[in-house]
Amino acid sequence: MVRRVWIAFIALLVTIIIGTAGLVITEHLTISRAIYLTVQTVTTVGFGDIQAQTEAGHIFLIFLMLSGAGAMLYFAGQLMAFLIEGQLAGVYWRRKMNKKIEELEDHVIVCGAGRVGRQVVYRLRKEGAQCVVIEQKEELANELIAEGFLVINNDATHDETLNKAAISKAKGLISALPEDSLNVFVTLTAKGLNPNINVVARMDQPESEKKLLRAGADKVISPATLSGWRMAMSILKPISIEYLETVIHDHNIEMEMVELKIDEGSCLVGRTLLTSGIKQQTGAIVLAILRENQVISNPSAGDEIYQGDLLIVLGLRDQLHRLEELAADFSNCKS
């Protein structure tokens, strides 16, 4: 709507400029008097205090009346629509929203708010993560704005749009656009603006995976593949899948999975899972250990914990909180 108002205003301004120039040439009026007569003509006021004296001036004014009145009516109509539909309030609100986005740090940018992207932002909200949504379709963008999300209504493939989303301070970007080629382009752009950002990209065609990875995507997800696997396993192993869905989706059960980085000086460094006290003191379960390019799945009690390891841990919220305290205890390590 704002764009249409600007286009109407520019059209009216161009009409006035052309009208002024034409009257200066045909009627030899001063610029001020030519502007005065042009404005009278396009606004259909017509005081009659200045009149055309030449044949060329009369002909020019006829065309100016027809085109100028149309431009004036179009501008007035767009301006009224802008005011009536509450766009002024919307502009103020968007400025306020843009200011909130500029202040964000370690947030997630979600490109695309279609069927997949919308589920992504809903999940991020449930997990308490800050996110900015970039959606080109105005209708979808307004729907998410009404739900309280921070939204930029623009093209995610543009550098300017990603900069507005504060990509330099974001920790992650999810490209959930409907076309693989667009997701490749967004990935390339995002990595160019922030090489350290973690990018997760959607793909529909299997051959697009390598392209997305070459473009810099850290993870490529196929919604169709995941949905197919889930449907098949719901038939083959219904009880196990139902349990996993309950753990993941039921917020009455505060079971969570976290990534715990083992920093220098932590009491867990140099200990095995058995002697670390993780299970005994917190009740949390270590599912895997990520060490550089190595993944130790279902680690044994004798596996040692090293500095820089990333532990994938499953547990209740209070258990994970106790584990974080245990891992961060640098001064009171028990022998």
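The values are calculated or read from the model by the stated rules, or taken from the named source; none is laboratory data. Bear in mind the structure is a predicted one, so any value in this text is a computation, not a measurement. Because the Cβ atoms are built from the backbone with ideal geometry, glycine has one as well, and the counts that use them run over all protein chains shown. For the accessible areas, the whole protein counts, side chains as well, though only heavy atoms, and no ligand, DNA or RNA atoms are used. Shrake-Rupley method; radii C 1.70, N 1.55, O 1.52, S 1.80 Å.
For G148, work out the one condition from (1) modelled with pLDDT of 95 or more; (2) loosely packed, with under 15 Cβ neighbours inside 10 Å it doesn't fulfil.
(1)
Taking the options G308, G315, G277, name whichever one is under 33 Å from the mean Cα position of the chain (by Cα), open to solvent by less than 20 Å² (accessible area, probe 1.4 Å) and not hydroxyl-bearing (S, T, Y).
G315
For the stretch 157-171, which positions are closer than 18 Å to E102 by Cβ and open to solvent by less than 40 Å² (accessible area, probe 1.4 Å)?
T161, L162, A165, A166, I167, A170
Among what's in the stretch 285-305 and is part of a loop (DSSP other than H, G, I, E, B) and under 34 Å from the mean Cα position of the chain (by Cα), pick the residue that is modelled with the lowest pLDDT. Talk me through it step by step, then tell me what you get.
Applying the first criterion (part of a loop (DSSP other than H, G, I, E, B)) to the stretch 285-305 yields 292-293, 298-303, 305.
Checking the rest, the ones that are also under 34 Å from the mean Cα position of the chain (by Cα) come to 292-293.
On the way: E292: 84, N293: 80.
So, considering only residues that are part of a loop (DSSP other than H, G, I, E, B) and under 34 Å from the mean Cα position of the chain (by Cα), the one modelled with the lowest pLDDT is N293.
Would you check if L244 is touching a strand residue (DSSP E or B) at 6+ places or on another chain (Cβ under 8 Å) and at negative phi? Spell out how you get there, then give the answer.
On the way: touching a strand residue (DSSP E or B) at 6+ places or on another chain (Cβ under 8 Å): no; at negative phi: yes.
Judged against the criteria, L244 is not a match.
Working only within the stretch 42-71, note down all residues that are more than 12 Å from E27 (Cβ to Cβ) and touching a residue at least 40 places away in the same chain (Cβ under 8 Å).
S67, G68, A71
Which pairs turn up if I take residues in the stretch 262-273 that are touching a residue at least 12 places away in the same chain (Cβ under 8 Å) and look for partners that are assigned to a loop (DSSP other than H, G, I, E, B) and among the aromatic types (F, W, Y) with beta carbon separation below 9 Å, at least 6 apart in sequence or on another chain?
I262/Y306; D263/F330; E264/F330; G265/F330; S266/F330; C267/F330; V269/Y306; G270/Y306
Go through the stretch 26-58 and count every residue that is charged (D, E, K, R) and in contact with a helix residue (DSSP H, G or I) (Cβ under 6 Å, 6 or more places away or on another chain).
1
On the basis of being open to solvent by 50 Å² or more (accessible area, probe 1.4 Å), over 36 Å from the mean Cα position of the chain (by Cα) and of a type in the set (A, V, I, L, M), does A224 make the cut?
Here the answer is no, as A224 does not meet what is asked.
If you go through the stretch 184-198 one residue at a time, do you hit one that is within 23 Å of the chain's Cα centre (by Cα), farther than 20 Å from V133 by Cβ and assigned to a loop (DSSP other than H, G, I, E, B)?
Checked the stretch 184-198: at least one residue is within 23 Å of the chain's Cα centre (by Cα), farther than 20 Å from V133 by Cβ and assigned to a loop (DSSP other than H, G, I, E, B).
Does the stretch 78-101 contain any residue that is open to solvent by less than 20 Å² (accessible area, probe 1.4 Å), assigned to a loop (DSSP other than H, G, I, E, B) and either more than 29 Å from T157 (Cα to Cα) or in contact (Cβ under 8 Å) with a residue 12 or more places away in the chain (or both)?
no
List the pairs whose first member sits in the stretch 208-224 and is farther than 18 Å from K171 by Cβ, whose second member is part of a helix (DSSP H, G or I) and open to solvent by 80 Å² or more (accessible area, probe 1.4 Å), and whose Cβ atoms are under 6 Å apart, counting only residues at least 6 apart or on separate chains?
From the stretch 208-224, the pairs are A215/L188.
Give the residue, chosen from N142, N154, that is in contact with a helix residue (DSSP H, G or I) (Cβ under 6 Å, 6 or more places away or on another chain), surrounded by fewer than 19 Cβ atoms within 10 Å (Cβ to Cβ) and at pLDDT below 95.
N154
If a residue has to be among the aliphatic types (A, V, I, L, M), open to solvent by 30 Å² or more (accessible area, probe 1.4 Å) and either farther than 14 Å from M72 by Cβ or outside any helix (DSSP H, G or I) (or both) to count, how many in the stretch 18-54 make the cut?
Final tally of qualifying residues: 7.
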